[in-house]
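Chemist: Quick one: structure below, then a few questions.
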Amino acid sequence: MADTLTDAASDTSGQCPEYPMPRATGCPLAPPPAATELRGREQPITKVRIWNGSTPWLITRHADQRTLLTDPRISNDDHEPAFPHVNAHRAAIAPHTPKLITNTDAPEHTRLRRSVNAPFLVKRIEAMRPTVQKIVDDLIDAMLAGPDPADLLTALALPVPSLVIAELLGVPYEDHEFFQENSNRVLDSSLTPEEAGLAGRALNQYLDSLFREKLVEPADDVLSEMAGRVKAGEMEHEEAVNMGVAMLIAGHETTATMISLGTLALFEHPDQLAVLRETDDLKVINGAVDELLRYLSIVQTGLRRVAKDDIEIGGQVIRKGDGILFDLQTANWDPNAFPEAERLDLSRPARQHNAFGYGPHQCLGQNLARLELQVVYGTLYKRIPTLSPAAPVEQLAFNHTGTAYGVKCLPVTW
């Protein structure tokens, strides 16, 4: 295996750089420098080697990602033999995984997404703002009444999305330790397939039991809405349960990471932190959320697809059956899309970032995530104007094995 990208570029034996690529020592918020170097090449679309020895194409430029993610010739079907799975566990379970919005293409994807889309539309999510605001205020009150310093991750970042997704889905929050722990284990690439599989089955059994209760006694929540669709013959029971598991997993991990990692990024840029501390303008806060999403792009495993036909792009031909990886953070730091992309600038128009993906498979929960982040970023630094880090960034531990990249603990003081 070539040791550097320069070596890999001149290597004639067919070897490729490894993916995922490590971040630079001492620069934990920046994209991997090796991926950034690839993006800047004359032919940035190149093959990389992943955990099982296969060599999918890596897409690093913003425009190329948007072109391909809307191309009907690429597929999200993880049952395909060359699909570039994240790890051995995901590859092992793929042939047995039911069809979900996360692994299907149109028209099946369209039907499934339509069945769960309504609760995540802007109008219904916006109606939750007072509820989310109260959750955030109560948690900040509790943190201020507790020990100083505190871990922002456990005091605020994890409870906010967990409480909100529990409220939305109709999942008892008192079970949050169970679903947080098992969700993290499902996504942890350092675990064996057997360990991750055990966690996945535990979540499935939990949601199945809860869903059966909703079939008998429906409430005003998403699981009950899906129960109604099952009764009407619009969804299968298993589809609804698996959809619930997927939403429960996705509904807390990424937002919790953004709350804590976004706060760390603001600590590292005090002039930008001052912007949020001093404004009540919702437009400014909303813009700040998108700039932080662009700047951090926490989904470190990227998006994964497989080609259904030959595709010519960027001077390369992606052949039918080839795997494709989309490195989101590298694209979101593309200077052709975002000038001075390495600079955190909360006044930047950053709505066109790819942090939520793009195209028909763009994140279902993006409106909910934006609302949670707007409330947290718009409240925390004004409620606690002296909030500051209680440990230097060099001493923080970062998560390199989950779907989302972030801090394992963020000590703060005030």
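Chemist: Identify the residue in the range 69-112 that is of a type in the set (S, T, Y) and modelled with pLDDT under 90 and, among all such residues, is farthest from A199 (Cα to Cα).
Modeler: Among them, the one singled out is T102.
Chemist: Which one is surrounded by the fewest Cβ atoms within 10 Å (Cβ to Cβ) among residues in the range 216-237 that are outside any helix (DSSP H, G or I) and within 29 Å of the chain's Cα centre (by Cα)?
Modeler: D220
Chemist: For the range 351-383, which residues satisfy the criterion of being under 19 Å from S260 (Cβ atoms), open to solvent by 20 Å² or more (accessible area, probe 1.4 Å) and of a type in the set (D, E, K, R)?
Modeler: If the condition is that a residue be under 19 Å from S260 (Cβ atoms), open to solvent by 20 Å² or more (accessible area, probe 1.4 Å) and of a type in the set (D, E, K, R), then K382, R383 are the ones that fit.
Chemist: Further question on the same structure: Among the residues of the range 352-379, count how many are within 22 Å of the chain's Cα centre (by Cα) and closer than 25 Å to P130 by Cβ.
Modeler: Looking only at that region, the number is 17.
Chemist: Go through the range 170-209 and give me each residue that's aliphatic (A, V, I, L, M), surrounded by 18 or more Cβ atoms within 10 Å (Cβ to Cβ) and part of a helix (DSSP H, G or I).
Modeler: The answer is V186, L187, A196, A199, L203, L207.
Chemist: I would also like to ask the following. So, in the range 316-350, of the ones that are assigned to a loop (DSSP other than H, G, I, E, B) and among the hydrophobic types (A, V, I, L, M, F, W, C), which residue ends up surrounded by the fewest Cβ atoms within 10 Å (Cβ to Cβ)?
Modeler: Only one residue tops the list, namely A337.
Chemist: Looking at the structure I just gave you, is A390 under 29 Å from V160 (Cα atoms) and in contact with a Lys or Arg (Cβ under 9 Å, 6 or more places away or on another chain)?
Modeler: no
Chemist: Which residues, taken from the range 119-153, are assigned to a helix (DSSP H, G or I), touching a residue at least 12 places away in the same chain (Cβ under 8 Å) and open to solvent by 40 Å² or more (accessible area, probe 1.4 Å)?
Modeler: V122, E126, R129, T131, Q133, D137, A142, L144
Chemist: Based on what the data block shows, is T55 at pLDDT 90 or above, more than 24 Å from V407 (Cα to Cα) and outside any helix (DSSP H, G or I)?
Modeler: The answer is yes for T55.
The values are calculated or read from the model by the stated rules, or taken from the named source; none is laboratory data. Note that the structure is a prediction, hence the values are computed from the model and not measured. Backbone-built Cβ (ideal geometry, glycine too); neighbour counts: all protein chains shown. Calculation scope for accessible area: heavy atoms of the full protein, side chains included, ligands and nucleic acids excluded. Shrake-Rupley method; radii C 1.70, N 1.55, O 1.52, S 1.80 Å.
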